[in-house]
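Colleague: One structure, as structure tokens, below. Some questions next.
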Amino acid sequence: RRSFDRLVNFTDAVVAIGITLQLLPLIDVEGPKPGQTVWDVLSANSGQITAFALSFVVVIAMWATHNRIFNVMRRYDGTIFLLNVIWLAGIVFLPWPTSMYGQAVNDEVVGAGGVGLFYWWTLATISGVGSLIALHAWRHPELLEPGALQRHGKRRSANRIAGAVFFSAFLAIGVASEFAPAIAPYFAFALFPISSLVTRWGARKDATRMESP
């Protein structure tokens, strides 16, 4: 148990560092020059600000999902450890493609050179690995707290569906960013209400299946 708690604490610390690093490109933005206003600065750096906001929200959502899974676990095995390390590597790596993506949006060249594809597929990789962590944990009850399957089993399909939605959407948005870079980021913000609806549908489906004789 102590070993598992240390893994959770280490994971949270790395995520905190990774999400803080998202802000670094904005720190280098200079303030208004003579004749400019702060709104001019915000407009000139709107790409970096949008990329930061998007990555921040997505990482928070991924961490929340990761946290829900780890909250019902009491131990880990080698597979969980390896997948968690890969997931953390993606979180720490993300600020680099985020910075490139924001700069490319500012320069209106996001469709050139695969920058958008690189950014969105990095998000897809992180999301996919997170889904694998959840899938492995649910398939190995010995890793879970006693009674976890009975208490939370009705959300298993819902979580799998939500994970598949995010993974597939990030892949698709990456491709779309190469052809319609101006509107691709807005597709991601629409993911959250869609995922919420899908999750509720999956939870109702699981609950009905568990209540049926």
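The values are calculated or read from the model by the stated rules, or taken from the named source; none is laboratory data. Worth saying up front: this structure is predicted, and the values here are computed from it rather than measured. All Cβ positions, glycine included, derive from the backbone under ideal geometry; neighbour counts span all protein chains shown. Just so you know, the surface numbers come from the protein's heavy atoms only, side chains and all, with ligands and any DNA or RNA stripped out. Shrake-Rupley method; radii C 1.70, N 1.55, O 1.52, S 1.80 Å.
Colleague: Out of contact with any Phe, Trp or Tyr (no Cβ under 6 Å at 6 or more places or on another chain) and farther than 25 Å from residue 181 by Cβ, is that true of residue 50? Give the steps one after another, and end with the answer.
Modeller: Values: out of contact with any Phe, Trp or Tyr (no Cβ under 6 Å at 6 or more places or on another chain): yes; farther than 25 Å from residue 181 by Cβ: no.
Against the criterion (out of contact with any Phe, Trp or Tyr (no Cβ under 6 Å at 6 or more places or on another chain) and farther than 25 Å from residue 181 by Cβ), residue 50 does not qualify.
Colleague: Every residue in the stretch 113-130 that is at pLDDT 90 or above and open to solvent by less than 50 Å² (accessible area, probe 1.4 Å), please.
Modeller: Result: 119, 120, 122, 123, 124, 126, 127, 128, 129, 130.
Colleague: If I ask for residues that are modelled with pLDDT of 85 or more and within 18 Å of residue 106 (Cα to Cα), which ones from the stretch 164-182 would you list?
Modeller: 174, the sole residue that qualifies.
Colleague: Quick one: what pairs do we get from the stretch 117-144, first residue under 19 Å from residue 165 (Cβ atoms), second basic (Lys, Arg) and surrounded by fewer than 20 Cβ atoms within 10 Å (Cβ to Cβ), C-beta under 8 Å, 6+ apart or different chains?
Modeller: 131/160; 134/160; 135/160; 138/156
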